[in-house]
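Asks: Please read through the structure below; I'll follow up with questions.
The values are calculated or read from the model by the stated rules, or taken from the named source; none is laboratory data. Predicted model only: the values in this text are computed from it and were never measured. All Cβ positions, glycine included, derive from the backbone under ideal geometry; neighbour counts span all protein chains shown. Surface areas here come from the heavy atoms of the whole protein model, side chains and all, with no ligands, DNA or RNA. Shrake-Rupley method; radii C 1.70, N 1.55, O 1.52, S 1.80 Å.
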Amino acid sequence: QVQLVESGGGLVQAGGSLRLSCVASGSILGIDVMGWYRQFPGKQRDLVAQITSGGNTNYADSVKGRFTISRDNAKNTVYLQMNSLKSEDTAVYYCRRTKRGSVTWGQGTQVTVSS
């Protein structure tokens, strides 16, 4: 089974940018959906953005126009470019892959936005 490892989180000032990466241990070719989720303390994980194997994307309303999800199948990697970051974007960000009903999560990466 493919394993996912996120990186790119950190501390950034409000208005700044970060790019998260999610590298899969194996190929991400095939029909699947890759997504980024985030979790606030004491809350459930919520969808931030997702991208299908065909390149269709979907975003949470709160990040539309600021975040961009993309994938590089040759590098087995999914990215989340986050611009114009706000303090309310502070959370742990998780990568997720869904394929044929099977769900795989990464370990998460912390994003902290200081105001």
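Asks: Considering only region 63-89, state which residues are among the hydroxyl-bearing types (Ser, Thr, Tyr) and either open to solvent by 60 Å² or more (accessible area, probe 1.4 Å) or in contact (Cβ under 8 Å) with a residue 24 or more places away in the chain (or both).
Replies: Listed by number, the residues that qualify are THR68, THR77, TYR79, SER84, SER87.
Asks: State all residues of region 24-62 that are among the aliphatic types (A, V, I, L, M) and buried (at least 16 other Cβ atoms within 10 Å of the Cβ); if no residue qualifies, say none.
Replies: ALA24, ILE28, VAL33, MET34, VAL48, ALA49, ILE51
Asks: All but one of (1) surrounded by 15 or more Cβ atoms within 10 Å (Cβ to Cβ); (2) closer than 18 Å to SER7 by Cα; (3) more than 14 Å from the chain's Cα centre (by Cα) hold for SER21, so report the exception by its number.
Replies: Failing condition for SER21: (3).
Asks: Would you confirm whether or not region 39-51 contains a residue that is more than 18 Å from GLY101 (Cβ to Cβ) and in contact (Cβ under 8 Å) with a residue 60 or more places away in the chain?
Replies: Scanning region 39-51 turns up at least one residue that is more than 18 Å from GLY101 (Cβ to Cβ) and in contact (Cβ under 8 Å) with a residue 60 or more places away in the chain.
Asks: Open to solvent by 50 Å² or more (accessible area, probe 1.4 Å), touching a Lys or Arg at 6+ places or on another chain (Cβ under 7 Å) and small (Gly, Ala, Ser): does that describe SER115?
Replies: no
Asks: Filtering region 27-74 down to residues that are hydrophobic (A, V, I, L, M, F, W, C), in a loop (DSSP other than H, G, I, E, B) and under 24 Å from GLN1 (Cα atoms), which residue is modelled with the highest pLDDT?
Replies: My answer is ILE31.
Asks: Going by the structure shown, is VAL48 in contact with a helix residue (DSSP H, G or I) (Cβ under 7 Å, 6 or more places away or on another chain) and among the β-branched types (Val, Ile, Thr)?
Replies: yes
Asks: From the set of residues in region 90-112 that are closer than 21 Å to GLN13 by Cβ and polar (S, T, N, Q), which is most open to solvent (accessible area, probe 1.4 Å)?
Replies: Among them, the one singled out is GLN110.
Asks: Here are the criteria: (1) over 15 Å from the mean Cα position of the chain (by Cα); (2) open to solvent by 30 Å² or more (accessible area, probe 1.4 Å); (3) touching a residue at least 60 places away in the same chain (Cβ under 8 Å). Tell me which single one GLY9 does not satisfy.
Replies: (1)
Asks: Right, something else. Can you name every residue in region 88-105 that is within 11 Å of VAL5 (Cα to Cα) and not hydroxyl-bearing (Ser, Thr, Tyr)?
Replies: CYS95, ARG96, TRP105
Per-residue answers, yes or no, for (1) basic (Lys, Arg); (2) touching a strand residue (DSSP E or B) at 6+ places or on another chain (Cβ under 8 Å):
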site	(1), (2)
ALA60	no, yes
ASP72	no, yes
THR77	no, yes
LYS86	yes, yes
GLY101	no, no
GLY106	no, yes
